[in-house]
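The values are calculated or read from the model by the stated rules, or taken from the named source; none is laboratory data. Since the model is a prediction, treat every value here as computed from it, not as a measurement. A quick note on method: Cβ atoms are made from the backbone with ideal geometry, for glycine too, and the neighbour counts reach across all protein chains shown.
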Amino acid sequence: MVPLGGYLAVGAILFSIGVYGLLTKKNGIIVLLSIELMLNAVNVNLVAFSRFGIAANITGQIFSVFTITVAAAEAAIGLAILVAIFRNKATINASEIDIMKR
Amino acid sequence: MFGILDQQFSWLNFTILALAAVALLLVVLLFVMYAIYFERKVIGWMQLRKGPNRTGPWGLFQTVADVLKLLIKEDVVPKKVDRFLFLIAPIISFTPSFMVIAAIPFTENLYFTDINVGLLYYGAISSLSITGILLGGWASNNKYSIMGGMRSVAQMISYEVPLIMSFLGIVLMTGSLNLRDIVHAQIDSGIWFIFPQFIGFVVFLIAGNAELNRTPFDLPEAENELVAGYFVEYSGFRFAFFMLTEYVYTFALSSLMVTLFLGGWDAPFGLTFIPPIVWFALKFLLLVFYLFWARATFPRVKIQQLMEFAWKGLIPVALFNVMLTAVLKTLGIF
Amino acid sequence: MTGQYLAFFIFALMAITGGVFMINLSRVIHMVLSIGLSFFGVAGLFIMLQAEFLAFVQVLIYAGAITIMMAMGTMMTQGGDEGEKPKRRLHNVLSFLSAVLVGAFLLYGIYTTSWPTEPTDLGANNIKEIGVTLFSNFVIPFELASILLLVALVGAIVLAKRDGEKD
């Protein structure tokens, strides 16, 4: 059996990649994707603990189902917002969407 | 599922798995070759023509010749395409179409995986092909192919919803997503699900036809408006891959329909002296014939009719079917 | 080495290389494709953890739907593409450091804790159990999630529709 630490390590690495992408990328779509990657990393942890934890049971998987639901809703809304922004400003570059700063 | 995976990793196990997969691939390729021949013959007869009849006896080698021609053609990559995506898109599109076949039980003993979420597996993996089609259309850098790709995505995503919903009635009745359990439920109760789930069957038939991008729902490759849709720029064996995807899905979807609605390998009227694999093949060929028949007789619909039909027609009917099945199940009729 | 280790290794590699390529590639559509690979790898990990239902939901929602949606989004927002002109070198370095710090901290925590080593057998057919639990203990969150999805559906259509468009 692959030990629990292996899965957790994959989750941690994915999460760090997501953090880096979120902080550096300017394209709105890639920012959204980085968030999805971080949520995915969390899901890996939840499912791993639902199999290996101290009181392991199915609840971890159920939490993941909810995470996936929310992530899907978030992606749809996020993309719709990006399309609306693009229509008004002809860019989805996050550093150029700064009307609130001025 | 981990039967072989749990054992010590050895080249013997690996070779067994690989050989089984190659054997299945050969069967599927043979099917595809003769399905195309059969399709051209059927359409020919329906239009009072002869169909292919020159190469070999009754034209039997026509598709073999076609395939050879496609394989030895030059692999043309246009200059302004996104090279990497252009090369990889047919593969992304084809691989899932072959992967889904693994879940289908052909007879009591002939199946590749006994996966307990078989139906979900089919729905999930088959949705991956759409990515290949979209990327192929995009990478070609051609307005017709991008339009075809977009249309194809819109259509396949829209029709996937009623397709999966039409399964749900059966899942409610059997309480399982395992395809073998579903066939066993039909054998045990002695009645194929086409009768109690007739609405689901009709929805599946229509949505499946649209999912395969076949006439009357072949908008993505409508020759007379889009030249050929998402694979305009493809030629040679990459084009063959897209064609192959379509026909392998025909194989997979017809097999799935046999499994879900027509009792799989079950022999009707107690005619058990005919082996189960023959029964499976007969039912399967009947459905394949239906697809060709529909292609020969229906006119193509318009794009807005297509989308409206999915969202305003099929999905409410499929939902109604799920509700009805749930009510009947609660009342104890099913 | 059993096949399970090999499978774990391949899926983990898929998940991580997908993520790394997303960071390093330059065209947005390639990034979207590589993240699709990453999602697929995660689904594989779920299968290894006896969560088949979740694995195929992951493939259906992430590798299928979200990847395609983001690819279409990229196509609709062309021009906002490939414009990484103002080089914020300091910002990038600091972001990299913080991400590495987060990762290192997590990995340190993971490798210094002694986890339970024996996996619990969740049963070969745990999809039924998921259904039962979902509709008994978690029925209110489930209903809320369905309302959330409905709101997201309507909201996305309203947001993405052009102003003053009939129909």
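Can you pull out the residues in the range C:49-72 that are crowded, with 24+ Cβ neighbours inside 10 Å and more than 9 Å from chain B (Cβ to nearest Cβ)?
If the condition is that a residue be crowded, with 24+ Cβ neighbours inside 10 Å and more than 9 Å from chain B (Cβ to nearest Cβ), then C:L49, C:A51, C:L54, C:Y62, C:I66, C:M70 are the ones that fit.
Somewhere in the range B:137-145, is a residue within 27 Å of B:V27 (Cβ to Cβ) and polar (S, T, N, Q)? First the steps, then the outcome.
The first filter runs over the range B:137-145 and keeps only residues within 27 Å of B:V27 (Cβ to Cβ), leaving none.
The answer is no, given that none of the residues of the range B:137-145 is within 27 Å of B:V27 (Cβ to Cβ) and polar (S, T, N, Q).
For the range C:30-62, enumerate the residues that are among the polar types (S, T, N, Q) and more than 15 Å from A:L37 (Cβ to Cβ). Full working, then the answer.
Step one: list which residues in the range C:30-62 are among the polar types (S, T, N, Q), which gives C:34, C:38, C:50, C:58.
Residue satisfying the conditions is C:Q50 alone.
A:L46 versus (1) in a helix (DSSP H, G or I); (2) surrounded by fewer than 17 Cβ atoms within 10 Å (Cβ to Cβ): which is the lone unmet condition?
Of (1) in a helix (DSSP H, G or I); (2) surrounded by fewer than 17 Cβ atoms within 10 Å (Cβ to Cβ), only one is false for A:L46: (2).
Please verify whether C:V102 is more than 8 Å from chain A (Cβ to nearest Cβ) and in a helix (DSSP H, G or I), treating the condition exactly as stated. Steps first, please.
On the way: more than 8 Å from chain A (Cβ to nearest Cβ): no; in a helix (DSSP H, G or I): yes.
No, not satisfied.
Take the residues of the range B:38-80 that are part of a loop (DSSP other than H, G, I, E, B) and among the small types (G, A, S): which is nearest to the chain's Cα centre (by Cα)?
Taking the range B:38-80 as the starting set, the residues that turn out to be part of a loop (DSSP other than H, G, I, E, B) are B:47-56, B:60-61, B:73-80.
Subset that is among the small types (G, A, S): B:51, B:56.
Details: B:G51: 24, B:G56: 29 Å.
Ranking the qualifying residues of the range B:38-80, first place goes to B:G51.
Looking only at residues in the range C:130-147 that are aliphatic (A, V, I, L, M) and either more than 8 Å from every other protein chain (Cβ to nearest Cβ) or closer than 14 Å to A:G78 by Cα (or both), which one is surrounded by the fewest Cβ atoms within 10 Å (Cβ to Cβ)?
Of everything passing the filter in the range C:130-147, C:I140 is surrounded by the fewest Cβ atoms within 10 Å (Cβ to Cβ).
Go through (1) under 21 Å from C:N125 (Cβ atoms); (2) more than 16 Å from the chain's Cα centre (by Cα); (3) away from every other protein chain (no Cβ under 14 Å) and name the single condition B:P105 misses.
Result: B:P105 passes all but (2).
Identify, please: which residue in the range C:26-47 is more than 7 Å from every other protein chain (Cβ to nearest Cβ) and at pLDDT below 85 and is, among those, surrounded by the fewest Cβ atoms within 10 Å (Cβ to Cβ)?
Only one residue tops the list, namely C:S26.
Is there a residue in the range B:68-82 that is within 12 Å of chain C (Cβ to nearest Cβ), at pLDDT below 85 and touching a helix residue (DSSP H, G or I) at 6+ places or on another chain (Cβ under 7 Å)?
In the first step, residues of the range B:68-82 are kept if they are within 12 Å of chain C (Cβ to nearest Cβ); the result is B:82.
Still in the running and at pLDDT below 85: B:82.
After this cut, where a residue has to be touching a helix residue (DSSP H, G or I) at 6+ places or on another chain (Cβ under 7 Å) as well, the list is B:82.
Yes, there is a match, as at least one residue in the range B:68-82 is within 12 Å of chain C (Cβ to nearest Cβ), at pLDDT below 85 and touching a helix residue (DSSP H, G or I) at 6+ places or on another chain (Cβ under 7 Å).
Does A:V2 meet the test of being touching a residue at least 24 places away in the same chain (Cβ under 8 Å) and of a type in the set (A, V, I, L, M)? Before you say what the answer is, go through the steps one by one.
On the way: touching a residue at least 24 places away in the same chain (Cβ under 8 Å): no; of a type in the set (A, V, I, L, M): yes.
In short, no.
Looking for whichever is among the aliphatic types (A, V, I, L, M), at pLDDT 85 or above, more than 18 Å from the chain's Cα centre (by Cα) and within 26 Å of B:M243 (Cβ to Cβ) here; the options are B:A23, B:A35, B:A18. Which one fits? I'd like the intermediate steps shown before the answer.
Numbers: B:A35 fails: more than 18 Å from the chain's Cα centre (by Cα); B:A18 fails: at pLDDT 85 or above.
That would be B:A23, the only listed residue that is among the aliphatic types (A, V, I, L, M), at pLDDT 85 or above, more than 18 Å from the chain's Cα centre (by Cα) and within 26 Å of B:M243 (Cβ to Cβ).
For every residue, the table says whether it meets (1) within 18 Å of C:I157 (Cα to Cα); (2) in contact (Cβ under 8 Å) with a residue 60 or more places away in the chain; (3) among the polar types (S, T, N, Q); (4) facing another protein chain (nearest Cβ under 7 Å).
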| site | (1), (2), (3), (4) |
| --- | --- |
| A:I30 | no, no, no, yes |
| A:L33 | no, no, no, yes |
| A:N45 | no, no, yes, no |
| A:A72 | yes, no, no, yes |
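Listed residues B:V183, B:V202, B:V171, B:V153; which is closer than 25 Å to C:F56 by Cα, of a type outside the set (F, W, Y) and surrounded by fewer than 19 Cβ atoms within 10 Å (Cβ to Cβ)?
Working: B:V183 fails: surrounded by fewer than 19 Cβ atoms within 10 Å (Cβ to Cβ); B:V202 fails: closer than 25 Å to C:F56 by Cα; B:V153 fails: surrounded by fewer than 19 Cβ atoms within 10 Å (Cβ to Cβ).
Result: B:V171 is the single residue among B:V183, B:V202, B:V171, B:V153 that is closer than 25 Å to C:F56 by Cα, of a type outside the set (F, W, Y) and surrounded by fewer than 19 Cβ atoms within 10 Å (Cβ to Cβ).
Keeping to the range C:2-25, report how many residues are at the interface with another protein chain (Cβ under 8 Å from one of its Cβ atoms) and assigned to a helix (DSSP H, G or I). Write out each step before concluding.
We begin by selecting, within the range C:2-25, every residue at the interface with another protein chain (Cβ under 8 Å from one of its Cβ atoms); these are C:2-8, C:12, C:15-16, C:19-20, C:22-23.
Still in the list and also assigned to a helix (DSSP H, G or I): C:3-8, C:12, C:15-16, C:19-20, C:22-23.
Residues that pass the stated criteria total 13.
Hey, any hits in the range B:23-34 for a residue that's in contact with a Gly (Cβ under 9 Å, 6 or more places away or on another chain) and in contact (Cβ under 8 Å) with a residue 12 or more places away in the chain?
In the first step, residues of the range B:23-34 are kept if they are in contact with a Gly (Cβ under 9 Å, 6 or more places away or on another chain); the result is none.
No - not one qualifying residue is present in the range B:23-34.
Could you please let me know if A:F52 is closer than 16 Å to C:L54 by Cβ, modelled with pLDDT under 90 and more than 10 Å from the chain's Cα centre (by Cα)? Lay out the reasoning, then the answer.
On the way: closer than 16 Å to C:L54 by Cβ: yes; modelled with pLDDT under 90: yes; more than 10 Å from the chain's Cα centre (by Cα): yes.
Yes; evaluated as a whole, the condition is true for this residue.
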